[in-house]
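The values are calculated or read from the model by the stated rules, or taken from the named source; none is laboratory data. For clarity, every value in this text was computed on a predicted model and none was experimentally measured. Methodologically, a virtual Cβ is constructed for each residue, glycine included, from the backbone with ideal geometry; neighbour enumeration extends over all protein chains shown.
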Amino acid sequence: MKFGDVPEHSFIEKALLVKAISDLAKLEGNSKRPVYAIHKWWARRLSSVIRALIIGIFLPEKTSEDDFWKAYYESCDLSGLTILDTFMGGGTCLVEAKKMKANVIGVDIDPLACFITKKEIEDCNELKLIRKYRILLKNVEEELKHYYITRIGDNFFEVVNFFWVYQLNCPKCNSPVFSHPHYYLAKDKNNMVAFCRYCGKIEELPSDRKMFVCGRCRKKTFIYKGSYKKGIATCINCGRSIAVAYNVSGTNSLKLFALEYIKDGKRFYKEADDYDIWLYEKAKMDFLRLSNRITLIPEDKIPINKSGDARPQNHGYLLFKDLFNERQLLSLSILLDNIMKIEEDDIREWFLLAFSDCLASNNMLCCYAYDYKS
Ligand SMILES: [Zn+2]
Ligand SMILES: [Zn+2]
């Protein structure tokens, strides 16, 4: 359907089909279109809603509901028309308008919004991108892969996740206090991977178990009775409660206790052992050793939220770089350094976008999907 100018009175002024459009949006919410997954955006509007709004603006008031849906599902042509979004955010409005062949102009105060939207509406040379990706992967892999392995006997395996926990010191009995919200790492409807609250030994159990006796120290662990709840950690030796805020200093207070690794294409879990801790310390030393070469780490402070929420600061995270441990800073800096060396602007920007998005899942405040066991 070819659209002309905006009618004097539009269809959406008469009847915006809120219920029917919401039903569509709910379906879309569970499976967003790939273009909208290229970078996180906060409270992104769904494309089905935006498409309905755009079409509703260009259809005259007297359009029937049936004709509205007909226009919605057939290909729409807004060529010759211009859509201006003065608060474009994640760019959904511009992408949908561009799909309908409109000229698009977007404005936003946030440079990240502008960057994401620019890439969403830009053409992408896939072949060139894949070729560059292979080169990038090869270069970065050589430098970093050896920091992400674990050793079992004489064999080495690739690690996909490291598990860290805050370690405090009990002011009453001087024991270490770990802030575990529960004592399992992964669970599906049949099995779970739990760990002993006293010695950390990992046990595979049926998923309906609530308690187990450790095969090593013979002590009981109640899997769902963690040592941490609502900001308070409890000493399992003497029962003393300690507020975690103000008593930890960011990543310095975190202890590596378990990891997830790949063997024969499948995922497994293990306790962190001396090798794993040594490897982390080695990465830390290498980070310090290479600090002259690493120049891309920002020194910006984390601003205190307008509502006065100072939780990062209360837990010792003052600068953005404090959200990452030294191994992450080392790896991310080397990756970014390699990306910045890409000469073609459009290709470099695609990798920068992916790099920016990956920071959300490669920092020390990430939560693991405990209830998703592959
Ligand atoms: Zn044990
Ligand atoms: Zn204690």
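Taking segment 186-201 as the range and being surrounded by 21 or more Cβ atoms within 10 Å (Cβ to Cβ) and near ligand 1 (Cβ under 10 Å from one of its atoms) as the test, the residues that pass are F195, C196, R197. Could you list, in sequence order, the residues of segment 254-295 that are of a type in the set (D, E, K, R), more than 23 Å from the chain's Cα centre (by Cα) and under 26 Å from G316 (Cα atoms)? D276, E281, K282, K284, D286, R289, listed by residue number.
Just to be sure, is G200 small (G, A, S), farther than 18 Å from L259 by Cβ and away from ligand 2 (no atom under 16 Å from the Cβ)? The answer is no for G200.
Taking (1) in contact (Cβ under 8 Å) with a residue 12 or more places away in the chain; (2) closer than 30 Å to L78 by Cβ in turn, D123 satisfies each apart from (1). Residue-level analysis places F212 outside the set of residues that are under 30 Å from E281 (Cα atoms), assigned to a strand (DSSP E or B), more than 16 Å from ligand 2 (Cβ to nearest atom) and modelled with pLDDT of 95 or more. Applying the criterion of being touching a helix residue (DSSP H, G or I) at 6+ places or on another chain (Cβ under 8 Å) and of a type in the set (F, W, Y) to the residues of segment 260-292, the residue that is surrounded by the most Cβ atoms within 10 Å (Cβ to Cβ) is F287.
So which of V140, V177, V165, V159 ends up being within 16 Å of ligand 1 (Cβ to nearest atom) and either farther than 24 Å from L323 by Cβ or touching a residue at least 12 places away in the same chain (Cβ under 8 Å) (or both)?
The unique qualifying residue is V165.
Scanning segment 238-253 turns up no residue that is more than 16 Å from ligand 1 (Cβ to nearest atom), closer than 25 Å to A369 by Cα and among the basic types (K, R).
Only one of these is among the hydroxyl-bearing types (S, T, Y), modelled with pLDDT under 95 and surrounded by fewer than 17 Cβ atoms within 10 Å (Cβ to Cβ): T295, T251. Name it. Show your work before the answer.
Numbers: T251 fails: surrounded by fewer than 17 Cβ atoms within 10 Å (Cβ to Cβ).
Only one candidate passes the filter, namely T295.
Of the set (1) assigned to a helix (DSSP H, G or I); (2) within 27 Å of the chain's Cα centre (by Cα), all apply to W42 but (1). Restricting segment 73-99 to residues that are in contact (Cβ under 8 Å) with a residue 60 or more places away in the chain and surrounded by 16 or more Cβ atoms within 10 Å (Cβ to Cβ), the residue that is farthest from D23 (Cα to Cα) is L81. Looking across segment 167-190 at every residue that is part of a strand (DSSP E or B) and in contact with a strand residue (DSSP E or B) (Cβ under 6 Å, 6 or more places away or on another chain), the one that is farthest from ligand 2 (Cβ to nearest atom) is identified as A186. Does any residue of segment 216-233 turn out to be more than 16 Å from ligand 2 (Cβ to nearest atom), of a type in the set (V, I, T) and assigned to a strand (DSSP E or B)? Within segment 216-233 (the criterion being more than 16 Å from ligand 2 (Cβ to nearest atom), of a type in the set (V, I, T) and assigned to a strand (DSSP E or B)), the answer is yes, since at least one residue qualifies.
Against the criterion of being assigned to a helix (DSSP H, G or I) and over 30 Å from the mean Cα position of the chain (by Cα), K62 does not qualify. More than 30 Å from L352 (Cβ to Cβ) and exposed (fewer than 12 other Cβ atoms within 10 Å of the Cβ): which single residue out of K70, K14, K19 fits that description? Going through K70, K14, K19 in turn, just one is more than 30 Å from L352 (Cβ to Cβ) and exposed (fewer than 12 other Cβ atoms within 10 Å of the Cβ): K19.
Just one of the listed residues (F115, F162) is within 27 Å of L365 (Cβ to Cβ), more than 16 Å from ligand 2 (Cβ to nearest atom) and surrounded by fewer than 18 Cβ atoms within 10 Å (Cβ to Cβ), and it is F115.
If I filter segment 241-253 for residues that are under 27 Å from the mean Cα position of the chain (by Cα), within 24 Å of I152 (Cβ to Cβ) and in a helix (DSSP H, G or I), do I get at least one hit? Within segment 241-253 (the criterion being under 27 Å from the mean Cα position of the chain (by Cα), within 24 Å of I152 (Cβ to Cβ) and in a helix (DSSP H, G or I)), the answer is no, since none of the residues qualifies.
The residues of segment 216-240 that are within 18 Å of E204 (Cβ to Cβ), under 29 Å from the mean Cα position of the chain (by Cα) and hydroxyl-bearing (S, T, Y) amount to a single one, Y224. Take the conditions away from ligand 2 (no atom under 16 Å from the Cβ), assigned by TED's automatic domain parsing to the domain that holds N325 and touching a residue at least 40 places away in the same chain (Cβ under 8 Å) and apply them to N314. Does it pass? So N314 passes the test.
Looking only at segment 246-304, how many residues end up being acidic (D, E) and within 27 Å of I339 (Cβ to Cβ)? Before the answer, list the steps.
Of segment 246-304, the ones acidic (D, E) are 260, 264, 271, 273-274, 276, 281, 286, 299-300.
Checking which are within 27 Å of I339 (Cβ to Cβ) leaves us with 260, 286, 299-300.
Within segment 246-304, residues that are acidic (D, E) and within 27 Å of I339 (Cβ to Cβ) number 4.
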